[in-house]
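The values are calculated or read from the model by the stated rules, or taken from the named source; none is laboratory data. Small disclaimer: the values here were computed from a predicted structure and weren't measured. With ideal geometry, Cβ positions are generated from the backbone for all residues, glycine too; neighbour counts draw on all protein chains shown.
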Amino acid sequence: MIDRASSVREVIAVNSDGLLILQQALKDQSLTEALERALALIEQMKGRLIVAGVGKSGLIGRKLAATFASTGTPAYFVHPAEASHGDLGMIQADDVVLMLSWSGETKELYDILNYTRRFNVPTIAITGGANSTLGKKADVPLILPKVKEACPHNLAPTTSTLLQLALGDALAITLLKMRGFTEVSFRDFHPGGKLGAALTPISDIMVKDDGLPIVAATATVMHVVGEISKKSYGIVGVLDESGKLEGVITDGDIRRYLEANSTGSMQKAMLETTAHEIMTTGSISLAPERLCARALSVLQQNKISAAFVVEGGKPVGLVALIQLLQLGVA
């Protein structure tokens, strides 16, 4: 019987060692220069990045194509077997081809490789075979260092595919930075699910117009209580004469105020005291372009259930914690 926990730790250790070896290899000038050429080719291309690979390298290629596409680099995975039966026509002269093969001698890639040579389509290779067919024929060979596979027989692609993935991801994220791809840009490619919710600007989901819980600074406490009850957000904004947000009153403020004045006249407490007298100034506010994920973080860090969205000093919306959670922001 093997020690299962020890085996898991050993595999992770081997993979970690592989990444450390890759980090060290990236200090080599030849690989650094190759990376610069690869990034320039992809950044300047007019078409798409065509990714190809077979077996485990193919699976890594599919993932990388998805990562490139979702971070601003148009990309598409072409299976070499399909390419040999008509899909070569999908590769155009203004594309760049990225091929993955640890050995560099994957025969299924030859048709694509020969096609790119015939029509001068720029080709990048991620391979461990510096002297392989792919390593020699690619315009930009990115040569990965030789590493031991996590497989005890040194056969199953494990550490080698991890290095392919790591280098491919590094290319995609570097291109993201080069293009100035922002969180807003990212949302355009990820409108659904929790990620889409997190990257939604709060202006898209905030309560506004007649739904805003607001009162004038001269409003009575009775009016404030009515507005809190009517709008059900546990907060009202207090506006000055120019319509700017002067302060806020929460249902907690109301409870504490009534408790402090429980021995006095209820009429005075409710009808003769104004919102201005009991409001809290310097409250947390948000800008309309703030993303939902960041808004949630602000609310949680400050332990508040809602905040006004302010533009030019005036409240234009309200975002509540419950809204963000229901939207799926986490």
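Where in the range 60-146 are there helices (runs of 4 or more DSSP H), lying fully within it, with 3 or more residues that are surrounded by fewer than 15 Cβ atoms within 10 Å (Cβ to Cβ)?
On the way: elements: 80-83, 110-118, 133-137.
In the range 60-146, the matching helices (runs of 4 or more DSSP H) lie at 110-118.
Among the residues of the range 271-287, write down those that are aliphatic (A, V, I, L, M) and either farther than 17 Å from residue 252 by Cβ or touching a residue at least 60 places away in the same chain (Cβ under 8 Å) (or both). Lay out the reasoning, then the answer.
As a first pass, look at the range 271-287 and keep what is aliphatic (A, V, I, L, M): 271, 275, 278-279, 284, 286-287.
Answer for the range 271-287, where residues must be aliphatic (A, V, I, L, M) and either farther than 17 Å from residue 252 by Cβ or touching a residue at least 60 places away in the same chain (Cβ under 8 Å) (or both): 271, 275, 279, 286, 287.
Out of all the residues in the range 18-29, which are touching a residue at least 12 places away in the same chain (Cβ under 8 Å) and surrounded by 11 or more Cβ atoms within 10 Å (Cβ to Cβ)? 18, 19, 21, 22, 25 - these are the residues of the range 18-29 that are touching a residue at least 12 places away in the same chain (Cβ under 8 Å) and surrounded by 11 or more Cβ atoms within 10 Å (Cβ to Cβ).
Suppose we filter the range 150-164 for residues that are part of a helix (DSSP H, G or I) and out of contact with any Lys or Arg (no Cβ under 7 Å at 6 or more places or on another chain); how many remain? Lay out the reasoning, then the answer.
Keep residues of the range 150-164 that are part of a helix (DSSP H, G or I), which gives 159-164.
With the extra rule that they be out of contact with any Lys or Arg (no Cβ under 7 Å at 6 or more places or on another chain), the set shrinks to 160, 162-164.
The number of residues fulfilling the criteria is 4.
Filtered by the rule that a residue be at pLDDT below 90 and either among the small types (Gly, Ala, Ser) or closer than 24 Å to residue 143 by Cα (or both), the range 81-101 gives 81, 83, 84, 86, 89.
Okay, residues lined up against (1) farther than 18 Å from residue 296 by Cα; (2) free of Cβ contacts under 8 Å to residues at least 24 places away in the same chain:
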residue: 197; (1), (2): no, no
residue: 209; (1), (2): yes, yes
residue: 212; (1), (2): yes, no
residue: 217; (1), (2): yes, no
residue: 227; (1), (2): yes, yes
residue: 240; (1), (2): yes, yes
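Within the range 1-37, the set of residues being of a type in the set (S, T, N, Q) and either closer than 19 Å to residue 126 by Cα or touching a strand residue (DSSP E or B) at 6+ places or on another chain (Cβ under 7 Å) (or both) comprises 15, 23, 24, 29, 30, 32. Scanning the range 288-322 for residues that are touching a residue at least 12 places away in the same chain (Cβ under 8 Å), part of a helix (DSSP H, G or I) and out of contact with any strand residue (DSSP E or B) (no Cβ under 8 Å at 6 or more places or on another chain) turns up 293, 296, 300, 302, 322. Of the numbered criteria (1) surrounded by 14 or more Cβ atoms within 10 Å (Cβ to Cβ); (2) more than 13 Å from residue 219 (Cα to Cα); (3) modelled with pLDDT under 95, the one residue 269 fails is (2). Scanning the range 231-239 turns up at least one residue that is among the charged types (D, E, K, R), under 30 Å from residue 329 (Cα atoms), surrounded by 12 or more Cβ atoms within 10 Å (Cβ to Cβ) and assigned by TED's automatic domain parsing to the domain that holds residue 307. With respect to the conditions (1) surrounded by fewer than 21 Cβ atoms within 10 Å (Cβ to Cβ); (2) under 25 Å from the mean Cα position of the chain (by Cα), residue 51 falls short on a single one, namely (1). Do we find a residue being at pLDDT 90 or above, in the same structural domain as residue 68 (by TED's automatic domain parsing), of a type in the set (Ser, Thr, Tyr) and surrounded by 14 or more Cβ atoms within 10 Å (Cβ to Cβ) anywhere in the range 209-227? No: the range 209-227 contains no residue that is at pLDDT 90 or above, in the same structural domain as residue 68 (by TED's automatic domain parsing), of a type in the set (Ser, Thr, Tyr) and surrounded by 14 or more Cβ atoms within 10 Å (Cβ to Cβ). Here residue 38 meets the list (1) crowded, with 19+ Cβ neighbours inside 10 Å; (2) not in a helix (DSSP H, G or I) almost entirely, failing just condition (2). Of all residues in the range 74-87, those that are without any contact (Cβ under 8 Å) to a residue 60 or more places away in the chain have Cβ atoms under 8 Å from Cβ atoms of residues that are part of a loop (DSSP other than H, G, I, E, B) and of a type in the set (D, E, K, R), 6 or more apart or on another chain, in 74/48; 75/48; 76/48.
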